[in-house]
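Asks: Take this structure, written in structure tokens, and hold onto it; I'll ask about it next.
Values quoted throughout were computed directly from the atomic coordinates according to the rules given, and no laboratory measurement underlies them. The structure presented is a predicted model; accordingly, all values stated were derived computationally and were not measured. Here the Cβ positions follow ideal geometry from the backbone for every residue, glycine too, while neighbour counts run over all protein chains shown.
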Amino acid sequence: MGCVMSNNKAPLNPEDAELKQINKAIDIQIKEDKKKMQNVVKILLLGCGEAGKSTFIKQMKILHSEEKEKTWTEDELKGARRDILSNAVECLQVLLEEVQKPLGEGLGNTADRLKKLDKSKEEDQVRLWQWRDTVQDIWEDPAIQETYSRRNEFSLPDCCRHFLSNISRISNPDFVATTQDILMVRVQTTGIIEYNFPLVFRKDLTRDCIFIDVGGQRNERKKWIHCFSDVLMVLFLAAASEYDQMLYEDITENRMDESLSLFNKIISYNWFSKCSIALFLNKKDLLEEKIQKSPLEDYFEEFKSFKDFKTRDFRAAMDFIKHKYREEHMAVENSEEWQRISVDGSRRKLYVHETMATDTDNIKKVFDAVKNTIMDKILEQFGVN
């Protein structure tokens, strides 16, 4: 007798067949997404609050805008105007809160009114135009200028001088923000924001670039962990001018100490074991201005032992600050924990750049150098020739 082979496998019911098709489609989509990600450069912007991350993103938008006169939409310009007036009110209120000497004759009534304004309300913002002449006098008053000169003792937005010196222009009902105004305005970043730009490295090598900007304040940092996968470069921004300032969140903590600590923590994460690390020492213009009146050694005594020590000297101060970050970098690279993570024994190079995020030409030159680093990483990671 011959044997008859039977197939005991029951046919799929319609629901199982549909599920199988869905799973197959998901697998195909995952493979396609992975292939697409090979052509995407993901750059994570990190740093403490007010280091200049959002300003850097604005510069990227300017540099990658095809029509410079159309960099900002009408809604963005309207939003910038509101934020600028809000900044101006905030700056005035901080200065009036911190002033220690009486203002000049005739300024007291307007000063009292300014203290009561709600910086976020449009009806209060328009008061700046109504009181513009007196507000200008308040800003120029010797007592306020003396207060401004010791601004390292309290939290005052860097845009203060730019906006208060132009109070008639920015408060005018017909005011339209310039690019420089938009670069100067301070708006706290909350949450995680992604920006996409095409990066052209050479004629045969273009990549989509995703910049991820996250809030720098302490209460925002817990959100960062969701951004750590598939990052090609970590771009850490630090304000070189903040060596003599305290944190907004903790007035007992020096801002530079906080930044150094955060930098160490970030580059210690195993997520970044294969990443390039770029450090932007930002606000170099403010450091150059401030160092003349506020000696670095008053806040970091070890500066006196630095090989290139020179008091009230910009170059010596900047080199010392670079040295401090390089020390943190080497401490991580030489640690037992990092040697365990980096199984092949490789060490990451730290690329350091001095920047002025409000200067488009400066950022263009610096980012051209960063693009070379990124291209080398792409060639290494994806084998592009």
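Asks: Calculate the FRET efficiency for residue 179 and residue 19 from the Cβ-Cβ distance with a Förster distance of 51 Å, rounded to the nearest 0.05.
Replies: 0.40
Asks: Lys/Arg Cβ at +1, Asp/Glu Cβ at -1, dipole of the chain taken about the Cα centre: which of 131, 248, 60 is farthest positive-ward?
Replies: 60
Asks: Determine, for each peptide in 315-323, 277-285, 139-147, the mean count of other beta carbons within 10 angstrom over its residues, then list the peptides with the highest first.
Replies: 277-285, 315-323, 139-147
Asks: Once you list every other residue whose beta carbon is under 12 Å from the beta carbon of residue 324, what net charge do they have if Lys and Arg are +1 and Asp and Glu are -1?
Replies: Neighbourhood net charge equals -3.
Asks: Using modelled backbone amide H atoms (1.01 Å from N, in-plane), which distant-in-sequence or interchain residues come within less than 5 Å of residue 282's amide H?
Replies: Residues meeting the criterion, in which the H sits 1.01 Å from N, are 238, 239, 240, 355.
Asks: Still on this structure, I have one more. Roughly what angle does helix 14-37 make with the longest principal axis of the chain, taking Cα atoms, 0 to 90 degrees, to the nearest 10?
Replies: The angle comes out at about 50 degrees.
Asks: Between residue 78 and residue 340, what's the calculated FRET efficiency when r is the beta-carbon distance and R0 is 45 Å? Round to 0.05.
Replies: The calculated FRET efficiency here is 0.30.
Asks: Let me ask you something else. Working out 0.36 nm times the residue gap between residue 311 and residue 327, then minus their Cα-Cα distance, what length gain in nm do you get to one decimal?
Replies: Answer, rounded to one decimal: 3.6 nm.
Asks: How far is it, in nm, from the label point at residue 100 to the one at residue 153 when both lie 7 Å from their Cα along the line to the Cβ?
Replies: Rounded to a tenth, the inter-label distance reads 0.3 nm.
Asks: By how many nm would the segment from residue 132 to residue 192 grow when fully extended, if each residue of separation counts as 0.36 nm and the alpha-carbon distance is taken off?
Replies: Stretched out fully, the residue 132 to residue 192 stretch lengthens by 17.9 nm.
Asks: Something else about it: What is the distance, in nm, between label points placed 7 Å from the Cα along the Cα-to-Cβ direction at residue 61 and at residue 273?
Replies: 3.8
Asks: Kindly express, to the nearest 10 degrees and within the range 0 to 90, the angle between helix 74-98's C-alpha long axis and the longest C-alpha principal axis of the chain.
Replies: Value to nearest ten degrees: 50.
Asks: While we're looking at this one, here's another question. Restricting to Cα pairs below 8 Å that are 6+ residues apart, what does the relative contact order work out to for the stretch 73-176? Please round to a whole percent.
Replies: Contact order relative to length: 40 percent.
Asks: Now for a different question. Quick check: the distance between the Cα centres of the stretch 308-367 and the stretch 139-213, to the nearest angstrom?
Replies: Value for the Cα centre distance between the two parts: 24 Å.
Asks: For a quick check, take a GNM of the chain with Cα springs below 10 Å and name the residue from 256, 60, 330 with the largest mean-square fluctuation.
Replies: 330
Asks: Further question on the same structure: By how many nm would the segment from residue 250 to residue 121 lengthen if fully extended, with 0.36 nm per residue of separation less the alpha-carbon distance?
Replies: 43.7 nm
Asks: Same structure, new question: Could you run the Karplus curve 6.51 cos²θ - 1.76 cosθ + 1.60 with θ = phi - 60° over the stretch 111-126 and give me ³J(HN,Hα) per residue in whole Hz, x for Gly and Pro?
Replies: These are the phi-based 3J(HN,Hα) values: 4, 5, 5, 4, 4, 8, 5, 9, 4, 8, 8, 4, 5, 7, 4, 5 Hz.
Asks: Obtain the nm distance between the two label points defined at residue 172 and residue 140 by a simple spin-label model: each point lies 7 Å from its Cα along the Cα-to-C-beta direction.
Replies: 1.8
Asks: Under 1.5 on a/c is rounded, so check that first for the stretch 308-362, then, if it is not, pick prolate when a/b is larger than b/c and oblate when it is not; a ≥ b ≥ c are the square roots of the alpha carbon gyration tensor eigenvalues.
Replies: oblate
Asks: If you don't mind, another one. Quick one, which of (1) 1.18; (2) 1.25; (3) 0.93 is the actual Cα Rg over 2.2 N^0.38 Å calculated for this model?
Replies: (2)
Asks: Taking the Cβ of residue 45 as the centre, find all other residues whose Cβ is under 10 Å away and add up their charges (Lys, Arg: +1; Asp, Glu: -1).
Replies: Result for the local shell: 0.
Asks: To the nearest 500 deg cm²/dmol, what mean residue ellipticity at 222 nm is calculated for the chain from DSSP H runs of n ≥ 4 alone, each contributing -39,500 (n - 2.57), summed and divided by the residues?
Replies: -14000 deg cm²/dmol
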